[in-house]
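**Student:** Handing you this structure, nothing more for now.
The values are calculated or read from the model by the stated rules, or taken from the named source; none is laboratory data. Given the structure is predicted, the values throughout are model-derived calculations rather than measurements. Cβ sites come from the backbone with ideal geometry, for glycine too, and all protein chains shown count toward neighbours.
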Amino acid sequence: MNFGVWIPNCRHLATPDIIRSTAVRAEQLGYDSVWVSDHVVVPHANVKNFGETVFDPLVTLAVAAGATRRVRLGTTVLIVPYRNAVVTAKMIASLDALSGGRVVLGIGAGWVAAESAMLGVPFAERGAMTDEYLSAMQELWTKREPSFAGKYTQFSGLTFEPKPRQKPHPPIWVGGHGRASLRRAVQFGAAWHPINRSPEELRAGLAEIARLCQARGRATVPALTLRNDVRIVRPGQSAPASTHAGRVLAGEPNALVDQIRELAGLGVEHLVLEFLAADGRELDEQLALFAERVRPGLA
């Protein structure tokens, strides 16, 4: 199993210094990837969950790319309909080319109706927009003479460079766990990438993905990846509350080894860890504890 680290580009730890130091520290400690989330604006009703400050995910990953040399650079997840498809394709291709082919494009359709409205995105059409934008981006990334005629995006007679370093394009990991997300994972995804799901929910999702692959004639099933809130505790400590709904991986190192072994047995190939920490010092401690006390037990 590979392991990634969520970089706090939002909520209480979102500062330039912590963002840079977490990316560098993750690479030093041997993690395989670093990840960021996506919100463009924060409706007042969501400040408790998102925080007031949210750094743009692709700009943040560009900073992380310049500070590192090896780790993959991922979005968990980029809300596709929030941005023009051609502009997003350009930013992803540029980041992949400039980073030496390290981008993983985790995507979602969004779930905050108020945020969508503030960006002029019809909430009821976000799924259709996501599907069309992904198709348009794939066209731009892979064709020498790209053209596209959809409801939301149209282009032709253009040159689109640079192409991504990775061929045919950066891997697409589809977030979410609803029926539309599972269908989208089969249609577009190199991986299914839910957040904080229990083993039972993962099994159910995998079964549905297998059924959809068979129905659509897809021979290779998308990989299973997962992002999860994590807290390594010392004797007598308790884990803080999750920042999301769903399961938290929490406990002393040996207990975490057992929990992660269960996920590996389900087929999880890449686990993105969102460490629950009060400040930058504690975040650094959690990073080191996992690398030094948990990961070796999984070898």
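**Student:** Among the residues in segment 75-88, are any at pLDDT 95 or above, closer than 30 Å to Gly120 by Cβ, among the hydroxyl-bearing types (Ser, Thr, Tyr) and out of contact with any strand residue (DSSP E or B) (no Cβ under 7 Å at 6 or more places or on another chain)?
**Tutor:** Yes, segment 75-88 has at least one match.
**Student:** Being of a type in the set (A, V, I, L, M, F, W, C) and assigned to a loop (DSSP other than H, G, I, E, B) is the filter; apply it to segment 257-279 and report the residue that is farthest from Gly74 (Cα to Cα).
**Tutor:** That would be Ala278.
Here is a yes/no grid of residues against (1) under 19 Å from Val174 (Cβ atoms); (2) touching a Gly at 6+ places or on another chain (Cβ under 9 Å):
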| residue | (1), (2) |
| --- | --- |
| Gly51 | no, no |
| Pro57 | yes, no |
| Thr60 | no, no |
| Val71 | no, yes |
| Val77 | yes, yes |
| Arg83 | yes, no |
| Ala89 | yes, no |
| Gly101 | no, no |
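**Student:** Has segment 237-256 got any residue that is surrounded by 13 or more Cβ atoms within 10 Å (Cβ to Cβ), of a type outside the set (A, V, I, L, M), in contact with a strand residue (DSSP E or B) (Cβ under 6 Å, 6 or more places away or on another chain) and not in a loop (DSSP other than H, G, I, E, B)?
**Tutor:** Within segment 237-256, none of the residues are surrounded by 13 or more Cβ atoms within 10 Å (Cβ to Cβ), of a type outside the set (A, V, I, L, M), in contact with a strand residue (DSSP E or B) (Cβ under 6 Å, 6 or more places away or on another chain) and not in a loop (DSSP other than H, G, I, E, B).
**Student:** Moving to a separate point now. Residues in segment 89-131 that are closer than 17 Å to Thr153 by Cα and touching a strand residue (DSSP E or B) at 6+ places or on another chain (Cβ under 8 Å): how many?
**Tutor:** Residues that pass the stated criteria total 2.
**Student:** Does Ala64 fit the bill of being within 18 Å of the chain's Cα centre (by Cα) and either under 20 Å from Gly176 (Cβ atoms) or assigned to a loop (DSSP other than H, G, I, E, B) (or both)? Outline the logic, then answer.
**Tutor:** Working: within 18 Å of the chain's Cα centre (by Cα): yes; either under 20 Å from Gly176 (Cβ atoms) or assigned to a loop (DSSP other than H, G, I, E, B) (or both): no.
So Ala64 does not fit the description; no.
**Student:** A further question follows. Could you please find all residues in segment 164-191 being within 19 Å of Ala204 (Cα to Cα) and not hydrophobic (A, V, I, L, M, F, W, C)? Explain how you work it out, then say what you get.
**Tutor:** Within segment 164-191, the first condition is being within 19 Å of Ala204 (Cα to Cα), and the residues that meet it are 173-187, 189-191.
Those that are within 19 Å of Ala204 (Cα to Cα) and not hydrophobic (A, V, I, L, M, F, W, C): Gly175, Gly176, His177, Gly178, Arg179, Ser181, Arg183, Arg184, Gln187, Gly189.
**Student:** Can you confirm whether segment 280-292 contains a residue that is closer than 26 Å to Asp17 by Cβ, assigned to a loop (DSSP other than H, G, I, E, B) and of a type outside the set (Asp, Glu)?
**Tutor:** No, segment 280-292 contains no residue that is closer than 26 Å to Asp17 by Cβ, assigned to a loop (DSSP other than H, G, I, E, B) and of a type outside the set (Asp, Glu).
**Student:** Okay, next question. Taking the criterion of being without any contact (Cβ under 8 Å) to a residue 40 or more places away in the chain, surrounded by 18 or more Cβ atoms within 10 Å (Cβ to Cβ), over 19 Å from Glu27 (Cβ atoms) and over 18 Å from the mean Cα position of the chain (by Cα), would at least one residue in segment 98-117 satisfy it?
**Tutor:** The answer is yes; a qualifying residue exists.
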